[in-house]
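The values are calculated or read from the model by the stated rules, or taken from the named source; none is laboratory data. As the structure is a computational prediction, the values presented were derived from the model and not from experiment. Neighbour counts run over all protein chains shown; Cβ positions are idealised from the backbone, glycine included. We work out accessible area using only protein heavy atoms, side chains counted, and drop any ligands, DNA or RNA first. Shrake-Rupley method; radii C 1.70, N 1.55, O 1.52, S 1.80 Å.
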Amino acid sequence: SIIGDKETNTIQVAFPARPLYQLKMLKKNRAGTKAADFDFILPTGKHQNLWDIPAKYTILLFYDPDCIHCQESMRELSEASIINSCLQHNGLALPQLAFITICTEGDMETWKEYQHSLPSPWVNGYDARNILIEKELYSLRSLPSIYLLGENKQVLLKEPSSISELRAMGIRTVMVTG
């Protein structure tokens with residue numbers, strides 16, 4: 001909208017801040033672009049970078065251990081036989097699939113206590129420096145937030161509307177090209 005100021009005889013253009021912010025966030029990690037790299041802590045205390053995890057495909061899931069929707073989604077994904085079969089290395093030099101979960105909310109103790117709930121082949125990390133939120137590396141409007149990445153960590157699928165969509169589109173791609 002345009003706002004006029006009679007005292008200074010100037011016209012100011014007022015841009016709505018929220019839509020511009022939403023547009024900025026939507027542009028992050030779009031399909032076809034390389035996913036933003038970030039550092040996280042593993043349960044062992046070791047630091048890990050996203051880009052350093054080798055796999056033909058990567059499922060990247062951001063979550064909060066206290067979030068009921070996150071727990072339900074993670075349980076459904078852990079029970080998906082197609083995902084579990086892709087997580088098997090089968091002697092391949094490059095694993096077919098890496099499944100990375102990153103805790104972005106809550107304290108480290110809650111995250112550590114949640115470890116036993118996750119399948120052992122999954123790489124589970126914690127954003128200890130809160131870099132994902134502070135630097136807004138990913139659009140994390142709601143949790144869980146899921147991305148399917150290709151071999152060079154390019155985004156293939158961003159925030160599918162359902163776990164079924166991830167299985168239908170993304171995992172089918174893994175199976176067909178694998």
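Assorted remarks:
- Number of residues in the stretch 49-82 that are of a type in the set (D, E, K, R), part of a helix (DSSP H, G or I) and out of contact with any helix residue (DSSP H, G or I) (no Cβ under 6 Å at 6 or more places or on another chain): the value is 3.
- Pick from the stretch 142-158, criterion of a type in the set (S, T, N, Q) and not in a loop (DSSP other than H, G, I, E, B), ranking: farthest from Leu50 (Cα to Cα): Ser145
- Boolean, Met169 is touching a Leu at 6+ places or on another chain (Cβ under 8 Å), open to solvent by 50 Å² or more (accessible area, probe 1.4 Å) and modelled with pLDDT under 90: yes
- Scanning the stretch 37-90 for residues that are open to solvent by less than 10 Å² (accessible area, probe 1.4 Å), modelled with pLDDT of 90 or more and over 23 Å from Ile131 (Cβ atoms) yields a total of 1.
- Selection from the stretch 100-141 of residues that are open to solvent by less than 30 Å² (accessible area, probe 1.4 Å), under 16 Å from Ala55 (Cβ atoms), out of contact with any Pro (no Cβ under 7 Å at 6 or more places or on another chain) and not in a loop (DSSP other than H, G, I, E, B): Ile100, Thr101, Ile102, Gly125
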